[in-house]
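The values are calculated or read from the model by the stated rules, or taken from the named source; none is laboratory data. All figures in this text were calculated on a predicted structure; none of them were measured in a lab. Ligands, DNA and RNA are stripped out before the accessible areas are found, and what is left, the full protein with its side chains, is counted by its heavy atoms. Shrake-Rupley method; radii C 1.70, N 1.55, O 1.52, S 1.80 Å.
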Amino acid sequence: MHADAELDAQGLHCPLPILKAKKALAALQSGQVLRVITTDPGAPSDFDVFARQTGHVLLQQQPQGEATVHWLRKR
C-alpha cells in the first residue's frame, strides 16, 4: 500500500502515537495516506477509536513482530 507520509512512533506510549499522528495528518491533503508504526500494545484499539471519532479512515492494521503498522486515510 502506498503511503504519502510515514510516522515512526515506536517506543512511544499513549497518548503520544495518536497526538503525533493527528499532527502528521494535519499536514496531509484529504485522501492522502499516513503510515504509522507503533509498539504500544494499546495502539490498535486507540487508532480504531481515533479514526471513528475524527472521520479519518483506518485502512489497515498489520502486526509486524513487536510493532503494529497502521494505515490511515485523511478525511
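Which ³J(HN,Hα) values, rounded to whole Hz and listed in residue order, are derived for the stretch 46-57 from phi using the Karplus coefficients 6.51, -1.76 and 1.60 in 6.51 cos²θ - 1.76 cosθ + 1.60 with θ = phi - 60°, glycine and proline given as x?
With the stated coefficients, the stretch 46-57 comes to 4, 5, 4, 5, 4, 5, 5, 6, 9, x, 6, 9 Hz.
Leaving out ligands, DNA and RNA, and with a 1.4 Å probe, what % of the accessible surface on the stretch 16-75 is carbon or sulfur?
About 50 percent, which is the carbon plus sulfur part of the accessible surface.
Given Cα pairs under 8 Å that are at least 6 residues apart, what percent is the relative contact order of the chain?
Answer for the chain is 34 percent.
To two decimal places, what compactness ratio does the chain give when its Cα radius of gyration is scaled by 2.2 N^0.38 Å? Intermediate results must be reported in sequence, preceding the final value.
Details: Rg = 10.8 Å, N = 75, 2.2 N^0.38 = 11.3 Å.
Relative to the 2.2 N^0.38 Å estimate, the chain comes out at 0.95.
Rounded to the nearest 5, what % of the DSSP beta bridges within the chain are antiparallel ones?
Within the chain, antiparallel bridges account for around 70 percent of the total.
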